[in-house]
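The values are calculated or read from the model by the stated rules, or taken from the named source; none is laboratory data. The shown structure was predicted, so the numbers you read here are calculated from the model rather than taken from an experiment. Note: ideal-geometry Cβ built from the backbone for every residue, glycine included; neighbour counts use all protein chains shown. Quick note on the areas: whole protein, heavy atoms, side chains included, nothing else; ligands and nucleic acids left out. Shrake-Rupley method; radii C 1.70, N 1.55, O 1.52, S 1.80 Å.
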Amino acid sequence: MANHIESLVEEIVINLLNNTNIELVDVEYVKEKDWYLRVFIDKDGGIEIEDCQTLSEQLEEKLDKLDPISDSYYLEVSSPGLDRALKKDRDFERHIDDKIEIATYAPINGSKIIVGTLKDYSTDNLTVEVETNTICIEREKIAKVKLFLDF
């Protein structure tokens, strides 16, 4: 059910953002204490509160008409933040030559955390330069990828 709702909302949001400079990053419909429908958006230069407010109002209107969600839920529209997970090919495309942090399910070369520069990606693999070595990691072995934040 959650996947169906996420797909439907993703389609609606993509249509609402058509002809804007705002990009849909992710949609999640999750049960915490209550149900939350979270929409993450981004644009060059960063998201403004007005961008979130406008999309939230437009999306709420569409969802009220369609009424696809039977549960009571909270709608949140926000920026994904600096430590967001990179999931989609467009995320990897945008961050070629950026430093990333990869968490794996099992150790690779003795570590479950790999920090390196993203050099390439495919449906099956990420290619990362770690110091002077280039390693290829199968995506199915990856738990999470995010930008490396060096403070």
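Residues in segment 66-87 that are without any contact (Cβ under 8 Å) to a residue 24 or more places away in the chain and of a type in the set (S, T, N, Q): SER70 only. For segment 16-30, the condition of being free of Cβ contacts under 8 Å to residues at least 60 places away in the same chain and part of a helix (DSSP H, G or I) holds for at least one residue.
Evaluation of THR132 against the conditions (1) modelled with pLDDT under 95; (2) open to solvent by 90 Å² or more (accessible area, probe 1.4 Å); (3) within 20 Å of the chain's Cα centre (by Cα); (4) more than 26 Å from ILE5 (Cα to Cα) shows that the sole unmet condition is (3).
The set of residues in segment 97-121 being exposed (fewer than 12 other Cβ atoms within 10 Å of the Cβ) and not in a strand (DSSP E or B) consists of ASP97, ASN109, GLY110. Given the conditions (1) in contact with a Gly (Cβ under 7 Å, 6 or more places away or on another chain); (2) under 25 Å from ASP42 (Cβ atoms); (3) not hydroxyl-bearing (Ser, Thr, Tyr), which single one is not true for GLU129? Tallying (1) in contact with a Gly (Cβ under 7 Å, 6 or more places away or on another chain); (2) under 25 Å from ASP42 (Cβ atoms); (3) not hydroxyl-bearing (Ser, Thr, Tyr), GLU129 fails exactly one: (2).
Summed over segment 56-112, the residues that are more than 12 Å from the chain's Cα centre (by Cα), under 18 Å from VAL27 (Cα atoms) and of a type outside the set (Gly, Ala, Ser) give a count of 18. Taken over segment 55-93, the criterion of being closer than 25 Å to THR123 by Cβ, hydrophobic (A, V, I, L, M, F, W, C) and outside any helix (DSSP H, G or I) is satisfied by ALA85, LEU86.
When segment 16-50 is filtered for residues that are open to solvent by 90 Å² or more (accessible area, probe 1.4 Å), more than 18 Å from the chain's Cα centre (by Cα) and not charged (D, E, K, R), the ones remaining, listed by number, are ASN18, ASN19, ILE49. Among the residues of segment 135-151, those identified as among the aliphatic types (A, V, I, L, M), within 22 Å of the chain's Cα centre (by Cα) and in a strand (DSSP E or B) are ILE137, ILE142, ALA143, VAL145, LEU147. Filtering segment 57-77 to residues that are open to solvent by less than 70 Å² (accessible area, probe 1.4 Å) and out of contact with any Ser or Thr (no Cβ under 9 Å at 6 or more places or on another chain) leaves LEU59, LEU63, PRO68, ILE69, ASP71, TYR73.
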